[in-house]
Amino acid sequence: DQQVKQNSPSLSVQEGRISILNCDYTNSMFDYFLWYKKYPAEGPTFLISISSIKDKNEDGRFTVFLNKSAKHLSLHIVPSQPGDSAVYFCAASLNTGKLIFGQGTTLQVKP
Amino acid sequence: NAGVTQTPKFQVLKTGQSMTLQCAQDMNHNSMYWYRQDPGMGLRLIYYSASEGTTDKGEVPNGYNVSRLNKREFSLRLESAAPSQTSVYFCASSGPPGQGFRGEQYFGPGTRLTVT
């Protein structure tokens, strides 16, 4: 039973346009939702998170939106840059500190 | 400040061999984690340690053991490796919930393990 799902394995966008990555979850007890970025042969790096009591968090070009009624979150990258090409994982945190990850979405930003 | 370090970076084992993956963090974090990453599966938690002296099973613990040697170090042992354990293994750590905590964990660079 996958509690966190990323249904799009890949996404391709043009440089300068918006990238929107999506994630769905099933457990209402999650207290934080996070996005990680991963380059090949490196460990995931934390990008941005949102508390379950908020609906939006912004950090520079990255904005995460949380829709609790739909159990859906999304990451918006504006404007997209070629260096943003990576695998993006969404994750959800239980109050124990454990993270549950989605399957990942590979983003390609074309120059 | 190296963050989270893992050794080795690469390893090839034959079925039935044993090995220990090492992990250390220098951020004074209480909690440490071991994950495996397989294609199309995301990262799955193998074991975690909420504090020194405690360990607990995650989603996929079978075939693995762990030791929280001290606050800095958390090792993962494969007693009798199987081809199904071919994967990339990541160690992570996190600080305690509190002011400024955003739920994040910090990851090492990974160990790529192949079992033939």
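Listed values, structure above:
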{"quantity": "A:Ile77 over 17 Å from B:Phe107 (Cα atoms), facing chain B (nearest Cβ under 9 Å), touching a strand residue (DSSP E or B) at 6+ places or on another chain (Cβ under 8 Å) and not charged (D, E, K, R)", "calculated": "no"}
{"quantity": "Residue match in region B:50-59 (condition: in contact (Cβ under 8 Å) with a residue 24 or more places away in the chain and assigned to a strand (DSSP E or B))", "calculated": "no"}
{"quantity": "B:Arg36, sole failed condition from (1) of a type in the set (D, E, K, R); (2) crowded, with 17+ Cβ neighbours inside 10 Å; (3) within 24 Å of A:Ala41 (Cα to Cα); (4) away from every other protein chain (no Cβ under 12 Å)", "calculated": "(4)"}
{"quantity": "Given (1) in contact (Cβ under 8 Å) with a residue 40 or more places away in the chain; (2) more than 12 Å from the chain's Cα centre (by Cα); (3) in a loop (DSSP other than H, G, I, E, B); (4) farther than 28 Å from B:Ala2 by Cα, index of the condition A:Val109 fails", "calculated": "(3)"}
{"quantity": "Of all residues in region B:100-116 being at pLDDT 95 or above and not in a strand (DSSP E or B), the one that is surrounded by the fewest Cβ atoms within 10 Å (Cβ to Cβ)", "calculated": "B:Thr116"}
{"quantity": "Identity of the residue in region A:88-97, at the interface with another protein chain (Cβ under 10 Å from one of its Cβ atoms) and part of a strand (DSSP E or B), that ends up surrounded by the most Cβ atoms within 10 Å (Cβ to Cβ)", "calculated": "A:Cys90"}
{"quantity": "Set B:Ser84, B:Ser51: member being surrounded by fewer than 14 Cβ atoms within 10 Å (Cβ to Cβ) and within 12 Å of chain A (Cβ to nearest Cβ)", "calculated": "B:Ser51"}
{"quantity": "Tally, over region A:31-64, of residues that are within 9 Å of another protein chain (Cβ to nearest Cβ) and not in a strand (DSSP E or B)", "calculated": "5"}
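The values are calculated or read from the model by the stated rules, or taken from the named source; none is laboratory data. Please read all numbers here as calculations on a predicted model, not as lab measurements. When we count neighbours, we look across all protein chains shown, and the Cβ atoms used for this are built from the backbone with ideal geometry, even at glycine.
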